[in-house]
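Working notes, structure below.
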Amino acid sequence: MVNAIQTPSQNTTTRPRISFLGCGYLGATYAICFAELGYEVIGYDVDAAKIEAFASGVLPIHEPGLPELLKKNLETGRLRFTTDVKDVAEFADVHFICVGTPQRQGEHGADLSYIESSVVELSAHLTRKVLIVGKSTVPVGTASWVQELVDRHTPEGLGVEVGWSPEFLQESNAMHDVLRPNRIVYAAQSEWASRLLKDVHRGILELAAVEDREVPVVETDLATAELVKVAANAFLSTKISFINAMADLCEVTGGDVADLAKAIGYDQRIGNKFLRAGIGFGGGCLPKDIRALSARAGELGVGESFRFLDEVDAVNTRRRSQVVRHVADLAERPTGPNGPDLSGVRVAYLGATFKPDTDDIRDSPALAIARRLRACRADVVVYDPEGLENAKSAAPELSFVKTLAEAVAGADVVCAMVPWEEFRTLDPEALGQQVAERRILDGMNAFDPAQWTKHGWTYKGIGR
Ligand code: UGA
């Protein structure tokens, strides 16, 4: 449950005015939450339709809790949105760069063109000394390059400085992660910038104090600040691929990876988070970040030490063909060298997003597997609580329905792929009465196998 702040601090004396350049998940969430913390904020994006939506109180993404906070803070007057970079340059003391850094077409490295265009645009309009802080996930060394860009494009002698402050928000929990982060990390190049960054984060620390929590602050150098983010995402990805590799071992030995994860997770040095085996990780961050880190390490001459990340990636991508094989086994169709022939198999496909409680389908394993099943000629009928529209435009060859009941009616195999609450709470008996055959692939590893087999289902989980 995400809680808004009841009474944002009225102490605005040490509150710099802040801009967020790039209003995707990251920038939009930060802009809205910093207004909630009592700062005067402006959100900037080149996409006029998106800015118009935000400005009229409509959140163009699905993120729990955020629509209410957007409306509330537009009303206070502390939050506004614009496509006018001149307005941004005049308004803010601290500018956060929150634009996307996607994977480069046909390569593993990160595409920094949005960073470059936003920094150059902003720099050309600056008329006073301000702080530009990178928040986007970038290859190490980017901050120094951004400082060079700023020096080249700002009027002589302005002394604009670059800092870095990575973010760790998780989609679907984004509001909580910004208002109540588990740590703050930043890098400044001078006392002046360091003080300004303290002022920027004061609202978060004040809220923590009121709620009797502590938020650790790590102040470091630019390179480390950049690396912290990719290190965290690489570590999380490694945990997931590790448990998925163990799932493979469990499958050939009759073990149960869910019990295994529970058992190792009680060791606090290991921890029980990010050990859910399944269809693999996806989204707009983990997959591209491990590739960019490995590519950057190669450029810097330490590629060998990061070869394991390529394997983390490979373990993850292999899940997709493994899951297709599981579906074929359930449907009692043999898998040949070119995959199984699933013609005539009606698959009820539950979930299209890369994880629950979001409408984001970027690099979604669920959607990728649905497409593979379709390529094997299965009749795939997809239902997702929030991701249908996005999925439809990305994978027009699939059939989409608006309710779970329509998806499962007459199905030969049910694939439950994304742990939305609506799927986790499915009742085996009620569902059994709607399908043609009681066969289920639990790609979420969320069900109790005994419960399902008791009701006559052939159950297949991942690594159990
Ligand atoms: C991830 C990181 O968790 C955030 O800390 C980071 O700030 C963010 O990337 C980013 O770089 O901006 P996010 O992409 O929202 O956040 O998604 P996660 O919750 O990390 O999940 C990523 C994928 O891993 C999903 O596909 C999820 O289903 C999968 N996953 C997660 C597993 O397969 N098993 C698990 O145990 C946990």
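Compared with the rule-of-thumb size 2.2 N^0.38 Å for a compact globular protein, segment 92-147 has a Cα radius of gyration ratio of 1.18.
How about segment 233-328: which chymotrypsin sites (Phe, Trp or Tyr not before Pro) there are in a DSSP loop, with at most 15 other Cβ atoms within 10 Å of their Cβ? Display every interim value, and only then the final one.
Numbers: sites: Phe235, Phe242, Tyr266, Phe274, Phe281, Phe306, Phe308; in loops: Tyr266, Phe274, Phe281.
For chymotrypsin sites (Phe, Trp or Tyr not before Pro) across segment 233-328 that sit outside H, G, I, E and B with at most 15 neighbouring Cβ atoms in 10 Å, the list reads Tyr266.
Heavy-atom accessible surface of Thr142, to the nearest 10 Å², is about 10 Å², with a 1.4 Å probe and all protein chains retained. Given Phe168, Gly432, Leu373, which one lies farthest toward the positive end of the charge dipole of the chain, if we put +1 on the Cβ of every Lys and Arg and -1 on the Cβ of every Asp and Glu? Comparing the listed Cα positions along the dipole, Gly432 ranks first.
With a simple spin-label model that places each label point 7 Å from the Cα along the Cα-to-Cβ direction, the separation between Thr224 and Ala55 comes to 4.2 nm.
Taking the Cα centre of the chain as origin, work out the dipole magnitude from +1 charges on Lys and Arg Cβ and -1 charges on Asp and Glu Cβ, in debye rounded to 20. Don't jump to the answer; show the numbers that get you there.
Details: 49 positive and 64 negative charges, 130 e Å.
In total the dipole reaches around 620 debye.
In a simple Cβ point-charge model (Lys, Arg +1; Asp, Glu -1; nothing else charged), segment 2-220 has a dipole of about 340 debye relative to its Cα centre.
Keeping every protein chain present and rolling a 1.4 Å probe, give me the accessible area per residue for segment 234-461 in Å².
On the way: 10260 Å² over 228 residues.
On a per-residue basis, 45 Å².
Taking square-rooted eigenvalues a ≥ b ≥ c of the alpha carbon gyration tensor, is segment 187-326 rounded, prolate or oblate, where a/c under 1.5 means rounded and, failing that, a/b exceeding b/c means prolate? Here segment 187-326 falls in the oblate category.
Working with all protein chains in place, sort Arg15, Arg78, Arg269, Arg307 by solvent-accessible area computed with a 1.4 Å probe, largest first. Provide the component values of the computation, followed by the final result.
On the way: Arg15 25, Arg78 50, Arg269 205, Arg307 145 Å².
Sorted descending by solvent-accessible area, the residues read Arg269, Arg307, Arg78, Arg15.
Taking only the alpha-carbon positions of the chain and ignoring solvent, what does the Debye formula give for the base-10 log of I(q)/I(0) at q = 0.06, 0.09, 0.11, 0.14 Å⁻¹? Scattering profile of the chain, log10 relative to I(0): -0.30, -0.65, -0.94, -1.33.
Projecting label points 7 angstrom from Cα along Cα→Cβ for Val120 and Thr14 puts them 3.9 nm apart.
Average the reciprocal distances over every distinct pair of alpha-carbons in segment 293-333, invert the result, and give the Kirkwood radius in Å. Each step should come with its number before you reach the end.
Working: mean 1/r = 0.0836 Å⁻¹.
Answer for segment 293-333: a Kirkwood hydrodynamic radius of 12.0 Å.
Non-local lysine pairs in segment 1-136, meaning eight or more places apart or on different chains, with alpha-carbon distances under 19 Å, amount to 4.
For segment 243-343, just say rounded, prolate or oblate: build the C-alpha gyration tensor, square-root its eigenvalues into a ≥ b ≥ c, call rounded for a/c under 1.5, and beyond that prolate if a/b exceeds b/c, oblate if not. All intermediate terms of the calculation are to be shown ahead of the outcome.
Details: a/c = 2.52, a/b = 1.30, b/c = 1.94.
Taking the square roots of the gyration eigenvalues as a ≥ b ≥ c, segment 243-343 is oblate.
Only DSSP H runs of four or more residues enter the estimate; each adds -39500 (n - 2.57), and after division by the residues of the chain the mean residue ellipticity at 222 nm equals -13500 deg cm²/dmol.
Just reorder Ile361, Ile204 by solvent-accessible area, largest first, 1.4 Å probe, all chains present. Write out the running numbers ahead of the final one.
Working: Ile361 30, Ile204 5 Å².
So the residues, ranked largest to smallest area, are Ile361, Ile204.
Applying 1/(1 + (r/R0)^6) with R0 = 30 Å to the Cβ-Cβ distance of Lys454 and Ala263 gives a FRET efficiency near 0.75. Spin-label model, Phe308 to Asp341: label points 7 Å out along the Cα-to-beta-carbon direction sit 4.4 nm apart.
Overall shape: oblate for segment 192-263, with the ratio a/c of the largest to smallest alpha carbon gyration tensor axis at 1.5 or above and b/c at least equal to a/b. In this entry, segment 2-220 is assigned a mean projected area of 11.7 nm², taken as a quarter of its C-alpha convex hull surface.
Taken as Cα centroids, segment 249-305 and segment 362-396 sit 24 Å apart, rounded to the nearest whole angstrom.
Compute the label zone of Val210 within segment 167-187: residues whose backbone N is under 13 Å from the point 7 Å along Cα-to-Cβ. Backbone N within reach: 179-180. For segment 234-461, the alpha-carbon radius of gyration amounts to 1.03 times the rule-of-thumb value 2.2 N^0.38 Å expected for a compact globular protein. Note on exposure: Met175, Met246 ranked by accessible area (1.4 Å probe, complete protein assembly) read Met246, Met175, with the most exposed listed first.
Need the full-extension length gain, Thr317 to Ala436, defined as separation in residues times 0.36 nm minus the C-alpha distance. One decimal, nm.
On the way: separation 119, 0.36 × 119 = 42.84 nm, distance 3.09 nm.
Residue separation times 0.36 nm, minus the Cα-Cα distance, leaves 39.8 nm.
The values are calculated or read from the model by the stated rules, or taken from the named source; none is laboratory data. Computed from a predicted structure; not experimentally measured. No Cβ is skipped: glycine too gets one built from the backbone with ideal geometry, and neighbour counts run over all protein chains shown. Remember, those area values only see protein heavy atoms, side chains included, never the ligands or the DNA or RNA. Shrake-Rupley method; radii C 1.70, N 1.55, O 1.52, S 1.80 Å.
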